[in-house]
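This report concerns only the one structure given below.
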Amino acid sequence: MAKTWKTEPTEQLRVGEGFRLADVDPASTPGFTGGKQYGVQSLESGAEQLSELQEKLFADSRAGGGTKRVLLVLQAMDTAGKGGIVRHVVGAVDPQGIDHYAFKKPTEEELAHDFLWRIRRELPGVGMIGVFDRSHYEDVLVAKVRSLVSPDVIEQRYGEIVAFEEELAASGTTLVKVMLHISFDEQKARLADRLARPDKFWKYNPGDIDERNLWADYQDAYEVALQRTSTESAPWFVVPADRKWYARVAVQRLLTNALRGLDLGWPPADFDVAVEKTRLAAS
């Protein structure tokens, strides 16, 4: 296949100084030179490389003494495609190397602790790719929009999140933080599709409309959170999500590039290969 990325998404989609969410077109395909057909083909061809890199990460922790791990954080408005990323991108690798957790409304036990307590409990183990479907960012998004805590607490949490993620990076965790950016109109179309199809009723939540009515507030909350917590060790990437195929291939590329950056190799044998070949032949 011809080269499909003119500019790597690690550069094109990264949140930097002066970032404005309104400047990102949710229907665009930044850095990608082909259309949907090439996107689907790129996703298929990229799955093998992603799977191999994941296996190297897992093998290094089991047989090479490696201490590295990767955490993919997915944040988005409802219907933006987090589930599709999990199925079509992460689902292409060996499930034994994946730690996936979908964060819901905090329980009474979780509310009795610091907001990062439940996050720390679900961090991926060594050699694993962790996936957070929603995350600690709910505590500066929903909490801010719904005024669940005071502005001073929200302000404090930005700093706590940055310190927490720097701690993770220093201990061998590579963070890939992705906001799937969907448009107001596209969300409406996807919600309408759920209401029109009995096989999708289970995906529909009446509360989605309540959140939709606060769209502008959520966009503001996301922009501030992205600006305040995109750092050198844990940058944010905003992925346009109106085109599902683009969002999937972009996240696959971000994850692949993160794993490539770990300079992974196959752990050497801790036994005499020649001797074992001789023993096998004689068995």
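Assorted remarks:
- Across region 151-162, the number of residues qualifying as open to solvent by 40 Å² or more (accessible area, probe 1.4 Å) and farther than 17 Å from Asp220 by Cβ comes to 5.
- Looking only at region 109-141, and only at residues there that are of a type in the set (D, E, K, R) and more than 27 Å from Arg62 (Cβ to Cβ), the one that is most open to solvent (accessible area, probe 1.4 Å): Glu109
- Residue within region 213-232 that is aromatic (Phe, Trp, Tyr) and open to solvent by 50 Å² or more (accessible area, probe 1.4 Å) present: no
- Breaking point among (1) open to solvent by 30 Å² or more (accessible area, probe 1.4 Å); (2) of a type outside the set (Phe, Trp, Tyr); (3) within 24 Å of Ser171 (Cβ to Cβ), for His88: (3)
- Selection over region 91-108 of residues that are surrounded by 16 or more Cβ atoms within 10 Å (Cβ to Cβ) and either assigned to a helix (DSSP H, G or I) or more than 18 Å from the chain's Cα centre (by Cα) (or both) gives a count of 3.
- With respect to (1) in contact with a helix residue (DSSP H, G or I) (Cβ under 6 Å, 6 or more places away or on another chain); (2) part of a helix (DSSP H, G or I); (3) surrounded by 22 or more Cβ atoms within 10 Å (Cβ to Cβ), the lone exception for Asp242 is condition (2).
- Residue count for region 43-63, restricted to those that are in contact (Cβ under 8 Å) with a residue 60 or more places away in the chain, open to solvent by 40 Å² or more (accessible area, probe 1.4 Å) and over 19 Å from the mean Cα position of the chain (by Cα): 2
- Cβ pairs under 6 Å, 6+ apart, first in region 111-126 and assigned to a loop (DSSP other than H, G, I, E, B), second among the polar types (S, T, N, Q) and surrounded by fewer than 16 Cβ atoms within 10 Å (Cβ to Cβ): Val126/Thr67
The values are calculated or read from the model by the stated rules, or taken from the named source; none is laboratory data. As the structure is a computational prediction, the values presented were derived from the model and not from experiment. Ideal geometry is used to build each Cβ from the backbone, glycine not excepted, and the neighbour counts take in all protein chains shown. Keep in mind that these areas ignore ligands, DNA and RNA; they rest on the heavy atoms of the full protein, side chains included. Shrake-Rupley method; radii C 1.70, N 1.55, O 1.52, S 1.80 Å.
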